[in-house]
Structures are given as structure tokens and as C-alpha cells.
1. Which residues, counting only those in the range 46-65, are part of a helix (DSSP H, G or I) and under 16 Å from Ala127 (Cβ atoms)?
2. Within the range 41-78, work out how many residues are of a type in the set (Asp, Glu) and either crowded, with 19+ Cβ neighbours inside 10 Å or modelled with pLDDT under 80 (or both).
3. Which residues, counting only those in the range 88-99, are at pLDDT below 90 and part of a strand (DSSP E or B)?
4. How many residues, within the range 126-151, are of a type outside the set (A, V, I, L, M) and in a strand (DSSP E or B)?
Amino acid sequence: MPENTRLGGSIDQIDLEFVEREATPRLLMKLGIQLHLAGLSLSNTVSVLDIFGAERARSTVHNWVHKADLQPETGCSPDHVAVDETVIRLNNEQYWLYAAVDPDTNELLHTKLEPTRTNVIARAFFAELREKHDVDDAVFLIDGAAPLKDACQRHGLDFRYERHGNRNSVER
């Protein structure tokens, strides 16, 4: 995640004017926002808040960050995401490598190495990708792999089949 220069000071700089009901103490909300913007995953941020007795969903923290309008302005929400799965061999064993790439920048967004290829693993890969990056509005470029199509449909993501073109970065 790119550095956020707008968050380089005190935790008091975080404006919580968007808060409609205070189910979480303001200090913990600000801490959650700052931890996530500093690079902690939503799951880990929720775990830290849980230590303080504030049990919140990942989606709640995600909403805080977006409503506080402090998310980094570049690199976090590509228009297109090229996704691929391919079989690789390591020490005479077969594994499936899942990868997501921003085709405009060739930045590797997320990878996952698994011993099998299933719809459940593909869905988990997309869930992790969505947790790490703001890609819900992106068009996902996939090949004809059934698990990738299933995962996009299950997550309600816009996708299209593309064998070459913008998918070349993930194929390489």
C-alpha cells in the first residue's frame, strides 16, 4: 500500500464527523483507521481492536477508513485486475499459483500458492485480494478457468474473458 502523507501526524488529525452512532469509542476508531492505513490488514486490525474489547467486523473498519477519506490516492483501486492460476512444479510436487496483477502498472497485487485447485480456494484468493485492495469496482480479466469465474460470480465482481491483451502481465 502506498504511503499516506496525509496521516503523518497525530491521531487527533483523523476527523470522525461521519460517525452517526458511537458503538465504538472514538479513540479505538482512530486507532483502527491508523493501523489499517499504516499497512495492517483488516483482519489484523480487527484483532488489535478485539484486544481492547471492541469486537468489530472487517467491513466496519473498512467503512471507517473510507468514510474518513484518508485512504491513499494512488495505487489502491485499479480499473482492471488481471487474474490467473497456473500449475507449477516444486521438488517433483505440483502446486497451483494464483496471481492478481494491475495491468496498467504491472504491480503484483496478491499471490497464493496452494496444493490443489478448487472453487473454495479461488473464492478465498479473491476474498484476500478484496481485503488488501479496493478492487470491488474493477473489471477482472480472467481466462476460461471455471474456479476464477465462479469466484468472481460469488463475490459479485465484474469480469470478462480475455486470453491476451491486458492479461499478458499476469501470464508472464
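1. Within the range 46-65, Val46, Arg58, Ser59, Val61, His62 qualify.
2. Qualifying residue count, the range 41-78: 2.
3. Within the range 88-99, Ile88, Arg89, Leu90, Glu93 qualify.
4. 1
Yes/no matrix, rows are residues, columns are (1) open to solvent by 60 Å² or more (accessible area, probe 1.4 Å); (2) modelled with pLDDT of 90 or more; (3) closer than 16 Å to Ser43 by Cβ:
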| site | (1), (2), (3) |
| --- | --- |
| Val120 | yes, yes, no |
| Phe126 | no, yes, yes |
| Asp150 | no, yes, no |
| His155 | no, yes, no |
| Arg160 | yes, no, no |
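The values are calculated or read from the model by the stated rules, or taken from the named source; none is laboratory data. Quick caveat: nothing in here was measured; it's all calculated off a predicted structure. Note that each Cβ is placed from the backbone with ideal geometry, even for glycine, and that neighbours are counted across all protein chains shown. When the accessible area is computed, the model is the full protein with side chains, heavy atoms only, and any ligands, DNA or RNA have been set aside. Shrake-Rupley method; radii C 1.70, N 1.55, O 1.52, S 1.80 Å.
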